[in-house]
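This report concerns only the one structure given below.
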Amino acid sequence: MKSDEQMGFPKNKMIGQNSIAFGQPVVILTSASVVGKKEGQGPLAPLFDKVGTDDMFGAQTWEEAESFLQAQAASLCLEKAGLTSQEIRYIFAGDLLGQCIASSFALAEFKRPLFGVYGACSTSALSMSLGALTISGGAADKVLCVTSSHFASAEKEFRFPLEYGNQRPLSATWTVTGSGAFLLGENNTESKRALISGITPGKIVDYGIKDAMNMGACMAPAAADVIFHHLKDFKRKPSYYDKIVTGDLGFVGKEILLQLLLEKGIDIEKQHTDCGIEIYDPLLQDTHSGGSGCGCAASVLSAYLLKKLETKEWKRILFVPTGALLSKVSFNEGNSVPGIAHAMVLESP
């Protein structure tokens, strides 16, 4: 049997200490975004595929509502591609809830092999990175990557019941009610939204922060670390990218990120933006530091960032969703909140 290189397919390469360059880019074929009422009142409202008028989405519980979000986004993503669930090989999915129940209940009806993943709010990049590796390694031709979050289910899971009515500090972010789904495939079709040409998986970074109401501060060190290693591994400058887009740092985390990178001699201020800043209007919507949650980066990527690449307004971006790795148990036992972030190179098709 001939090798990939003998067949004319370039081999993936390990780059530097942490990164991977795909010999043949993996394609984002289609995507879909479904969001809640508050997100539909923000600046990106016209770009989302579906906006709910009631955050219960006709369900009996917040958790069921989040599952509905995922199922809707996944179905719409496949519908855009003209495919049924039986025509995809695998699903990679995760969410913020215990045992990833939003994903398992949402995707059982698709009856396809499921890889459940957990990266907190970095799950969109984690699922797509693993999906891209599976395709580039020849183990699949099409995979579906899905994630979601819901403001009310996340508050219930990690903080306080909504009925408690606790006051949120200005450093707090607002968990996005939303879901993003992405269909990945081989680079052999004219229909594509973007190319995934490389990834830099991140590692757990813990600065000892114990303030669970300041997710931006908890996650910014991990974002700084993965961006630093990505640029070092690929021997690139920030100006190589039209945008370096973090996932869920908000206004507080953004300032910490910029400062941490400046201390390493890297200035990304001109290129940087954050999905948690883009999704809400800070003057008209009371979201304090901005947005967060798995659905934040996923829905903004599908609705906004990919459109910029599709229209070739941007040639390439570095997409860096961030996650805070905590639970009620770890927080109540006095542990700190570690962070993680994963970076993906997305290019115009």
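If you go through the stretch 236-248 one residue at a time, do you hit one that is free of Cβ contacts under 8 Å to residues at least 12 places away in the same chain and over 19 Å from Pro338 (Cα atoms)? Reasoning before the result, please.
Here is the first cut: in the stretch 236-248, the residues free of Cβ contacts under 8 Å to residues at least 12 places away in the same chain are 236-237.
Keeping just the survivors that are over 19 Å from Pro338 (Cα atoms) gives 236-237.
Yes, the stretch 236-248 has at least one match.
Do we find a residue being closer than 15 Å to Cys294 by Cα, surrounded by fewer than 20 Cβ atoms within 10 Å (Cβ to Cβ) and β-branched (Val, Ile, Thr) anywhere in the stretch 95-103? Taking every residue of the stretch 95-103 in turn, at least one turns out to be closer than 15 Å to Cys294 by Cα, surrounded by fewer than 20 Cβ atoms within 10 Å (Cβ to Cβ) and β-branched (Val, Ile, Thr). Of the numbered criteria (1) more than 18 Å from Gly180 (Cβ to Cβ); (2) touching a strand residue (DSSP E or B) at 6+ places or on another chain (Cβ under 6 Å); (3) modelled with pLDDT under 95, the one Gln285 fails is (2).
The set of residues in the stretch 156-183 being under 30 Å from Leu29 (Cα atoms), polar (S, T, N, Q) and either modelled with pLDDT of 95 or more or out of contact with any Cys (no Cβ under 9 Å at 6 or more places or on another chain) (or both) consists of Thr177, Ser179. When Glu64 is tested against (1) in contact with a strand residue (DSSP E or B) (Cβ under 9 Å, 6 or more places away or on another chain); (2) within 18 Å of Val176 (Cα to Cα), just one condition goes unmet, and that condition is (1). Comparison of Pro238, Pro221 shows that the only residue that is more than 30 Å from Asp141 (Cα to Cα), in contact with a Lys or Arg (Cβ under 8 Å, 6 or more places away or on another chain) and either assigned by TED's automatic domain parsing to the domain that holds Thr311 or acidic (Asp, Glu) (or both) is Pro238.
The residue that is surrounded by the most Cβ atoms within 10 Å (Cβ to Cβ), counting only those in the stretch 40-79 that are in contact (Cβ under 8 Å) with a residue 60 or more places away in the chain and among the charged types (D, E, K, R), is Glu66. Output yes when any residue across the stretch 243-256 is crowded, with 24+ Cβ neighbours inside 10 Å and assigned to a helix (DSSP H, G or I), and no when none is. Yes: the stretch 243-256 contains one or more residues that are crowded, with 24+ Cβ neighbours inside 10 Å and assigned to a helix (DSSP H, G or I). Against the conditions (1) part of a strand (DSSP E or B); (2) modelled with pLDDT under 95, Asp55 satisfies every one except (1).
Among the numbered conditions (1) part of a helix (DSSP H, G or I); (2) in contact with a helix residue (DSSP H, G or I) (Cβ under 7 Å, 6 or more places away or on another chain), the only one that Ile340 does not meet is (1).
Only a single criterion out of (1) modelled with pLDDT of 95 or more; (2) within 19 Å of the chain's Cα centre (by Cα) is not satisfied by Gly290, namely (1).
Working only within the stretch 314-349, note down all residues that are of a type in the set (D, E, K, R), touching a residue at least 60 places away in the same chain (Cβ under 8 Å) and over 16 Å from His230 (Cα atoms).
Scanning the stretch 314-349 gives Lys315, Lys328.
Going by the structure shown, is Lys210 touching a Ser or Thr at 6+ places or on another chain (Cβ under 8 Å), more than 30 Å from Val143 (Cβ to Cβ) and modelled with pLDDT of 95 or more? Even if it seems obvious, please write down each step before you answer.
On the way: touching a Ser or Thr at 6+ places or on another chain (Cβ under 8 Å): yes; more than 30 Å from Val143 (Cβ to Cβ): yes; modelled with pLDDT of 95 or more: no.
So Lys210 fails the test.
Taken over the stretch 1-39, the residue count meeting the criterion of being loosely packed, with under 12 Cβ neighbours inside 10 Å, farther than 26 Å from Phe228 by Cβ and modelled with pLDDT of 95 or more is 0. Among residues that are crowded, with 22+ Cβ neighbours inside 10 Å, without any contact (Cβ under 8 Å) to a residue 60 or more places away in the chain and over 25 Å from Ser302 (Cβ atoms), Leu261 is included.
Looking at Leu326, Leu346, Leu301, which is the one that is crowded, with 17+ Cβ neighbours inside 10 Å, touching a helix residue (DSSP H, G or I) at 6+ places or on another chain (Cβ under 8 Å) and in a loop (DSSP other than H, G, I, E, B)? Don't jump to the end; show me each part of the working.
Working: Leu346 fails: in a loop (DSSP other than H, G, I, E, B); Leu301 fails: in a loop (DSSP other than H, G, I, E, B).
Answer to the selection: Leu326.
Can you name the residue in the stretch 264-277 that is surrounded by fewer than 24 Cβ atoms within 10 Å (Cβ to Cβ) and under 20 Å from Val205 (Cβ atoms) and, of all such residues, is nearest to the chain's Cα centre (by Cα)? Result: His272. Looking across the stretch 187-211 at every residue that is of a type in the set (Val, Ile, Thr) and surrounded by 18 or more Cβ atoms within 10 Å (Cβ to Cβ), the one that is farthest from Ser348 (Cα to Cα) is identified as Ile209.
The values are calculated or read from the model by the stated rules, or taken from the named source; none is laboratory data. Please read these numbers as outputs of a predicted model, since none were measured by experiment. Note that each Cβ is placed from the backbone with ideal geometry, even for glycine, and that neighbours are counted across all protein chains shown.
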